[in-house]
Amino acid sequence: MPYDWILFDADRTLFDFDSSARRALQHSIEAFDIPYFSKYQKVYQEINKQCWKDFEAHKIPQSRLGTIRFELFLTAIKFERDIEAMSKFYLQQLAASKDLLPGAKELLDRLHGKHKLLIVTNGLKEVQRPRIANAQLNPYFYEIVVSDEIGVAKPHAAYFDYAFEKMNFPSKEKVIIIGDSINSDIKGGSDYGIDTCWYNPDALLSLNGIEPTYDIRNLAEIDEIVAGWER
């Protein structure tokens, strides 16, 4: 039987977050009169990645997530600037972006009306909701669940409890989550008892014994999976 409900992660699954983030960071650095060097991208990416891991592990409170990464970044590159202002500017730049991954919009066109779609994202509300609107994706989705708004993030069960309540508690056999994060999406979904599809274009190895139901390289592979043809 096909899946009735498809839960989509947003960043690096539907949205080309990396392109948007690189552009937003460069604009932010230049806007605050810091000489821009491409090496700063890697510095920020590593800091940002660790901050999100710490947030998902409840090591960083939600209220600190937006600024602590710029505090650490500015320290690393040895500049002093208004951290709150720079963080706000960066988020505004991200919110204005609408870069989708190749094939994402076409995939949603094919799935919409045949399945009920949700976005399940650990992003910040002031970034995710404007981006989704800018990309004209709202009509595709039954619900958009943003961790920043509910106070809990994937992979924690409480996040999925909230999503399932919005879905009126369907059978877990009828639900699949699709995302790029082996921890927040795949481990979170698997622990909750739903099927998982790891969007893994770089053919990475899974970590810590986490095994997705499906492991794909291209978004076009999702069509057959969600229709139940490969089940």
Enumeration of residues in the stretch 194-231 that are among the hydrophobic types (A, V, I, L, M, F, W, C) and out of contact with any Cys (no Cβ under 9 Å at 6 or more places or on another chain): Ile194, Cys197, Trp198, Ala203, Leu204, Leu205, Leu207, Ile210, Leu219, Ala220, Ala227, Trp229
Unmet requirement for Arg23, which otherwise passes all of (1) under 27 Å from Arg217 (Cα atoms); (2) surrounded by 16 or more Cβ atoms within 10 Å (Cβ to Cβ): (2)
Wholly enclosed helices (runs of 4 or more DSSP H) of the stretch 60-121 bearing at least 3 residues surrounded by fewer than 18 Cβ atoms within 10 Å (Cβ to Cβ) and not assigned by TED's automatic domain parsing to the domain that holds Ile132: 62-77, 83-95
Condition broken by Gly151, with the remaining ones in (1) modelled with pLDDT of 95 or more; (2) within 25 Å of Gly66 (Cα to Cα) satisfied: (1)
Selected residue (criterion: nearest to Asp180 (Cα to Cα)) from residues of the stretch 11-36 that are over 21 Å from the mean Cα position of the chain (by Cα) and either part of a loop (DSSP other than H, G, I, E, B) or in the same structural domain as Ile222 (by TED's automatic domain parsing) (or both): Tyr36
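Does any residue of the stretch 110-120 turn out to be farther than 21 Å from Asp215 by Cα and in contact with a Gly (Cβ under 8 Å, 6 or more places away or on another chain)?
No, the stretch 110-120 has no match at all.
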All positions within the stretch 46-59 that are in a helix (DSSP H, G or I) and either of a type outside the set (A, V, I, L, M, F, W, C) or without any contact (Cβ under 8 Å) to a residue 12 or more places away in the chain (or both): Glu46, Asn48, Lys49, Gln50, Lys53, Asp54, Glu56
Selected residue (criterion: nearest to the chain's Cα centre (by Cα)) from residues of the stretch 159-180 that are closer than 13 Å to Pro2 by Cα and buried (at least 18 other Cβ atoms within 10 Å of the Cβ): Ile176
Residue ID - farthest from Lys154 (Cα to Cα), chosen from residues in the stretch 194-220 that are surrounded by 16 or more Cβ atoms within 10 Å (Cβ to Cβ) and among the charged types (D, E, K, R): Asp215
Only listed residue being in contact with a His (Cβ under 7 Å, 6 or more places away or on another chain), surrounded by fewer than 17 Cβ atoms within 10 Å (Cβ to Cβ) and not β-branched (Val, Ile, Thr), chosen from Asp33, Asp4: Asp4
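The values are calculated or read from the model by the stated rules, or taken from the named source; none is laboratory data. None of the values given here were measured: they were computed from a predicted structure. Note that we place each Cβ from the backbone using ideal geometry, even for glycine, and neighbour counts take in every protein chain shown.
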